[in-house]
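See below for the structure under consideration.
Here, each number is a calculation from the coordinates, and none is a lab measurement. Just so we're clear, the structure is a prediction, and the values are computed from it rather than from any experiment. Here the Cβ is made from the backbone with ideal geometry for all residues, glycine too, and neighbour counts use every protein chain on show.
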Amino acid sequence: MNNIGLNSDSYFTQHTFLQTHLDNARSPILRQYLRIAMRWRYVILGAVAVCFLIGLIATLLTTPQYTASSTIEISRESDKVTDFQGVEREASIADQEFYQTQYGLLKSRALSERVATQLQLAESLSFFEMFDIKSSDAAFKLENGRYPASGRAIRQRIAGDILRKHLSINPTRMSRLVEINFTSPDPNFSAQVTNRWAVNFIQTNLERKVQATSYGRNLLQSQLTQLKKRLDESQRQLVNYASSARIINLPAQSGNGQSSSERSIVVDDLAALNAALAQATAGRIEAQARYQQNGRAGASAEALSNSAINSLRQRRAELAAEYRRLMTQFEPGYPAAQAIQVQITQLDRSIASEEGRVTSSLQADYRRTQEQEQALQAKVEQLKGDYLDLRRRSIQYNIYQQEVDTNQALYDGLLQRFKEIGIAGGVGVNNISIVDPAQAPRAPSSPKLLINLAIAILAGLGIGAALAFGLEQIDEGITDPAEAKRELGLPLLGSIPKIDEAPKDILLDRKSDLVDAYLTVQTNLAFSTEHGVPRSFSVTSTRPSEGKSTTCLALATTLARGGKRIILIDGDMRNPSIHHLGGVQHDRGLSNYLTGEDNIDSLTFPMADLGFTAMSAGPLPPNAAELLTSNRLSQLIAQLLESYDHVIIDSPPVMGLADAPLIAAKVEGVVYAVESHGIRTGLVKEALGRLITANVRIIGSVLTKFDAKKAHYGYGYGYEYGYRYGRKVEPDAA
C-alpha cells in the first residue's frame with residue numbers, strides 16, 4: 001500500500017462508492033450454492049453418512065425377494081373360423097383401448113382369486129406367513145392347526161389381494177408382448193404363480209367368449225320364441241280374416257329359378273276369362289268375315305273348298321263337256337243329249353243345295369261365336385266387379401299379410417343367426433398365447449445393495465442440502481469477510497484467524513498468523529485519517545468475548561513494534577482483563593483517575609515484552625457510566641497524547657451498557673470487533689445503531705475468530721495466513 005494520507009471525508013466517500021459497488025455485484029448463483037455447501041459440508045456429509053448406514057442396514061436386514069417372469073402374446077384380432085360378424089364385439093375400437101382393457105383384465109380381482117383357488121392359498125399357513133399376514137380376524141384363528149372353513153371366503157379375498165399387490169404387468173413397447181412378473185420370498189412359488197396366472201388368463205379369455213356366445217344364444221332363443229308367437233298369431237289373424245272376407249288366394253309357385261307371389265283365384269279366373277274372351281272375339285270376327293264374304297261373292301271360300309261341292313262341280317263340268325260335244329253332232333232333242341242335260345240340271349240343284357247348306361253353316365257359326373263372345377263379355381264384366389270388390393276387401397288382408405311376411409322374415413333371420421352362433425360356440429378361438437413360461441429365478445430381484453446404497457447417498461445429499469439451506473437461512477452469523485462488509489456496511493479493516501493459544505504468547509512470535517492479520521488491520525487504520533492511524537481510538541464489540549481485548553493488545557503490540565509510543569487503557573471497569581496480561585492487580589488504574597487522582601505514572605504499568613505501557617481498569621466502581629460522563633476521561637486522553645503517540649482504550653461491549661458510547665465520544669474513532677460465526681447480524685446492527693445515535697465515528701470493523709474451514713470459500717484465508725515468510729503450511733491450517 002502507498003503511505004498517502006487521506007482525510008476523513010475522502011476516505012468515507014471512496015468507501016461508500018466501493019461498498020455500493022460491492023453490494024450491487026452479486027456473485028453467481030452457482031458460486032453461492034458452492035459457498036453454502038462448503039460451509040455446511042460436515043452437515044451434508046453427516047446426512048449422507050447416516051442415510052448410507054440406514055440404506056446398508058435396511059438392505060442387509062431385508063428379506064430377499066425373487067421375481068419370476070412369463071411372457072404372453074395378445075393379438076388384436078383372432079382368426080375368423082365362421083363367416084359371420086357380431087358374435088362377440090371387441091373391447092374397443094382403438095388398439096390402445098383394447099390393450100389397456102387386456103392389461104386391466106390381467107390384474108382383475110376375479111383372476112387373482114381364481115389363481116389363489118387353484119393353488120389352495122386360502123388354506124395355506126405358509127403362504128400367509130411368507131407375506132407376514134397377521135390378523136385378529138376370526139378367519140385366521142387356527143383350529144387344530146388349520147384355518148376354519150367358515151372364514152375361507154375372507155382368506156380367499158385376502159390371498160387374491162396379496163397376489164395382485166406383488167404382481168406387475170409390463171407391456172413391451174411397440175409389440176403385442178406382455179410380461180407377467182410376480183415377486184415373493186420363494187423363487188419356486190413366484191414361478192408357479194406366474195405360470196398359473198398366464199394359463200388362467202387364457203382360460204378366462206376363452207370362457208368369456210363362450211359365455212358371451214351362450215348369452216347370445218339364450219337371448220336369441222328367447223327372441224325366437226317371442227317371434228314365433230307373433231308369427232303364429234299374425235297367420236291365424238290372416239286366415240280368419242280371409243275366411244270371413246271369402247278371400248281365396250292360390251299359393252305361390254316357383255320354377256326355373258323364379259318364384260311368384262301368392263295370388264287370388266278371382267284374378268286367375270279374370271285372366272282366364274279375359275283370354276277366352278279375346279279368343280272368342282277373334283273367332284267371332286273370323287266367322288263374321290267368312291259369313292260376310294260368302295254373302296258377297298255367292299261362292300264363298302268354304303263352298304270352294306267343300307269336297308262334295310267340288311265333286312259335283314267336277315261331274316257337272318264333265319257332263320257339260322260331254323253335252324257340248326254331243327251338241328256339235330246332234331240336236332238338243334237327242335235322247336243322249338237330253339239325258340245329259342237332265343243330269344246337269346240335277347247336279348246344279350245338288351250344288352246349289354250344298355252351297356246353301358254351307359252358307360247356313362257359316363251363318364250358324366257366326367251366330368254361335370257371337371253369342372259365345374257376348375257370354376264371355378258378360379262374365380268378364382261380372383269378374384271385374386268381383387275383382388274390384390276383392391280389392392276393397394283385400395286392403396286389410398294385405399295389412400295382415402305384410403305383418404305375416406315381416407314376422408316370417410324376422411324369424412328366419414333370427415333362426416339363421418341362432419344356428420351360426422351355435423356353430424361359433426363350439427369353435428373356441430383364442431387370441432392369447434404363452435411365449436415364454438416362467439422359470440424359478442436363481443438370483444433375488446431385491447434388495448439390490450448397490451442401487452439401494454446409491455439411492456441412500458442421493459437421499460442423504462438431498463437431506464443434507466435441505467438441512468444446509470435451512471441452517472443457512474436461520475443462521476444470522478457472519479461467516480466471511482465479504483459478508484461482514486455487505487451486511488454491516490462498514491469498512492473491513494481485517495479478519496483475524498481463530499487461535500487456541502494465549503494471545504500474548506502468539507504475539508511474541510512475529511511470524512505468527514495472528515501478527516500478520518493485525519498488521520493488515522494496522523495498515524488499514526493508517527488510511528482512516530489524514531494523519532494516519534488515529535491517535536486515540538477505542539475497540540469495542542457487541543457482547544463480551546468477541547476478541548476486542550485481543551485486538552487492543554495486538555494493535556498496541558504492532559504499533560509499538562513500529563516505533564510508536566503506545567499506551568493501552570483497560571476501559572472495561574465492569575469486567576477488566578488487561579491486568580491479567582501484565583501480571584498485575586487492578587487496584588490502581590483508570591477508575592482512580594476518573595475519581596480525581598492526577599498521578600498518571602502511578603496508575604500505569606509496563607508491558608516490556610510487548611513494548612508498550614498499559615493502564616488497568618482500577619478498582620471496580622459501583623457505577624462506571626457516571627464516571628465516564630465527566631470530562632476526566634477527555635483530560636486523561638489529552639495528557640496521555642502529550643507523552644504517547646497513540647492511546648488505545650479497551651472499551652466495554654455496546655449492548656446493555658452505556659459505557660462504550662461514552663468512551664467512543666472521547667476518542668477519534670471506534671474499531672468494532674465482530675466475532676465470526678458467533679454473533680447474530682441483527683444484534684450487531686442494533687449495537688452499531690446505538691453508536692451512530694451517539695454521533696460516534698466508527699472507523700471500521702475487525703472480523704475476529706475467523707475459521708477458514710467454516711467460511712463459504714473454505715480455503716482462501718488459510719493460504720493468505722499460511723504462506724508467509726518462507727513458511728508453507730497446509731491451506732486448511734488454522
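Below, the figures for the structure above:
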item	result
Dipole moment magnitude, nearest 20 debye, the stretch 265-425 about Cα centre, only Lys, Arg, Asp, Glu C-beta charged	480
P(r) histogram, all alpha-carbon pairs of the stretch 265-425 included - 5 Å bins from 0, percent	2, 8, 9, 9, 7, 7, 7, 6, 6, 5, 5, 5, 4, 4, 3, 3, 2, 2, 2, 1, 1, 1, 0, 0
Under 30 Å from LYS228, Cα to Cα: lysines that are on another chain or at least 8 residues apart	LYS209, LYS419
Environment charge at LEU559 (Cβ cut-off 10 Å; Lys +1, Arg +1, Asp -1, Glu -1)	+2
Straight-distance crosslink candidates among lysines, where the alpha carbon sits under 16 Å from LYS685 and sequence neighbours closer than 8 are dropped	LYS485
Amide H contacts under 5 Å for LEU492, placed H, 5+ residues apart	SER701
Which of MET38, MET615 has the fewest Cβ neighbours within 10 Å, and the rest in rising order	MET38, MET615
Sorted by Cβ neighbour density within 10 Å, fewest at the top, the residues SER541, SER126, SER528	SER126, SER528, SER541
Long pairs among LYS107/LYS134; LYS548/LYS666; LYS666/LYS705; LYS134/LYS165; LYS511/LYS705, criterion Cα-Cα beyond 26 Å	LYS666/LYS705
Other-chain or far-sequence residues with amide H under 5 Å of SER536's (modelled H)	VAL647, GLU668
Exposure proxy ranking, count of Cβ atoms within 10 Å, fewest first, for LYS705, LYS511, LYS379	LYS511, LYS379, LYS705
Residues whose placed amide H lies under 5 Å from that of ILE698, excluding near-sequence neighbours	VAL670
